[in-house]
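Student: What follows is a structure written as C-alpha cells; I'll ask about it next.
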Amino acid sequence: MNVMNKSKRCHHFAQKRGRDIHASSLKWHRLALVKLSVTGFTLIELMITVAIVAIIAAIAIPSYEVYIRRAELSTAQQEMLKVAELLEKHRARNFSYDGFVLKGTSTNQGPYYSVASASNNSLLLPLDASSGKQKFTMTLTLNAQTWALTTLSANPRNYSLLLTSAGIKCKTKTPVNITAQACGLGQEDW
C-alpha cells in the first residue's frame, strides 16, 4: 500500500505541477499578447493617418504652386523695371533711346553683356536660364522716342506683362492680346 500511495502521490504531484506549468505559460502568453497589441498600430489608425496627410497635401500643394508663380512674376517685374531704368538713363545721356542694346558687343557692351541667354533685344528670365528652361521671355521694342517691354510667360497659368515708356503697366493671362499699347481683354494693372 505504501507503494500505491507513493504512486498516487507522484501522479497527483505531476498533475498539479503540470497545471502550474500550463497556467504559468498561459499567463506569459497573455502578457505577450498584451505587449504586442500595445506596441503596434491598427490598420484603421494607419488609414486615418494616410487620409489626414492626403487632405493636407491636397490643400498645401496648390497653395505652394500659386506662391511659386507669384515669386516668378515678381522677379520678372523687377527685371522689367531695371531695364526701364537703364533705358531712361540712356535717354538722359543721349537724348534718345536709339543705340540702347541689352547685350551689345565686346566694344559696345550692354548692361546684360555677360548674360549668356541675352540678345540685343531679348532676355530669358531667370537670367541664368537656358533656352527652353526659361520662365519668361522679355522682348524690347524701341525707337528714338518710345520703348515697350513685353514679357511672355512660359507657364499659361501665370501672367504675361507689358511695360511702356508711356507708363502703361499691365498684365494678362492671354499673351496673344498684348500689343505695344495695351494688354487687351482681361488685363490688370501691376
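The values are calculated or read from the model by the stated rules, or taken from the named source; none is laboratory data. Everything numeric here is computed off the predicted structure, so don't read it as measured data. Reconstructed Cβ throughout: ideal geometry from the backbone, glycine too, with neighbour counts over all protein chains shown.
Student: Within region 83-110, which residues are assigned to a loop (DSSP other than H, G, I, E, B) and either free of Cβ contacts under 8 Å to residues at least 24 places away in the same chain or over 21 Å from LEU152 (Cβ atoms) (or both)? It would help to see each step written out before you state the result.
Tutor: Let us first name the residues in region 83-110 that are assigned to a loop (DSSP other than H, G, I, E, B), namely 95-103, 105-108, 110.
Matches in region 83-110: PHE95, SER96, TYR97, ASP98, GLY99, VAL101, LYS103, THR105, SER106, THR107, ASN108, GLY110.
Student: Determine if region 182-189 includes at least one residue that is in a strand (DSSP E or B) and acidic (Asp, Glu). Even if it seems obvious, please write down each step before you answer.
Tutor: The first filter runs over region 182-189 and keeps only residues in a strand (DSSP E or B), leaving 188-189.
Now restrict to residues that are acidic (Asp, Glu): 188-189.
Within region 182-189, one or more residues are in a strand (DSSP E or B) and acidic (Asp, Glu).
Student: Can you pull out every residue in region 60-82 that is of a type in the set (A, V, I, L, M, F, W, C), in contact (Cβ under 8 Å) with a residue 24 or more places away in the chain and over 17 Å from LEU124 (Cβ atoms)? Give the derivation first.
Tutor: Step one: filter region 60-82 for residues of a type in the set (A, V, I, L, M, F, W, C), giving 60-61, 66, 68, 71, 73, 76, 80-81.
Subsequent filtering for residues that are in contact (Cβ under 8 Å) with a residue 24 or more places away in the chain retains 73, 76, 80-81.
Listed by number, the list holds a single entry, LEU81.
Student: Quick one: is TYR159 in contact with a Lys or Arg (Cβ under 8 Å, 6 or more places away or on another chain) and closer than 17 Å to GLU85 by Cβ? Write out each step before concluding.
Tutor: Details: in contact with a Lys or Arg (Cβ under 8 Å, 6 or more places away or on another chain): yes; closer than 17 Å to GLU85 by Cβ: no.
For TYR159, the condition - in contact with a Lys or Arg (Cβ under 8 Å, 6 or more places away or on another chain) and closer than 17 Å to GLU85 by Cβ - is not met.
Student: Please verify whether region 93-106 includes one or more residues that are farther than 18 Å from TRP147 by Cβ, modelled with pLDDT under 95, exposed (fewer than 13 other Cβ atoms within 10 Å of the Cβ) and of a type outside the set (Asp, Glu). Let's see the steps before the verdict.
Tutor: Narrowing region 93-106 to residues farther than 18 Å from TRP147 by Cβ: 105-106.
Pick out the ones that are also modelled with pLDDT under 95 and you get 105-106.
Imposing the further condition that a residue be exposed (fewer than 13 other Cβ atoms within 10 Å of the Cβ) reduces the set to 105-106.
Cutting the leftovers down to of a type outside the set (Asp, Glu) gives us 105-106.
Scanning region 93-106, I find at least one residue that is farther than 18 Å from TRP147 by Cβ, modelled with pLDDT under 95, exposed (fewer than 13 other Cβ atoms within 10 Å of the Cβ) and of a type outside the set (Asp, Glu), so the answer is yes.
Student: Can you name every residue in region 117-165 that is over 26 Å from the mean Cα position of the chain (by Cα) and in contact (Cβ under 8 Å) with a residue 24 or more places away in the chain?
Tutor: LEU140, THR141, LEU142, ASN143, ALA144, GLN145, THR146, TRP147, ALA148, LEU149, LEU163, SER165
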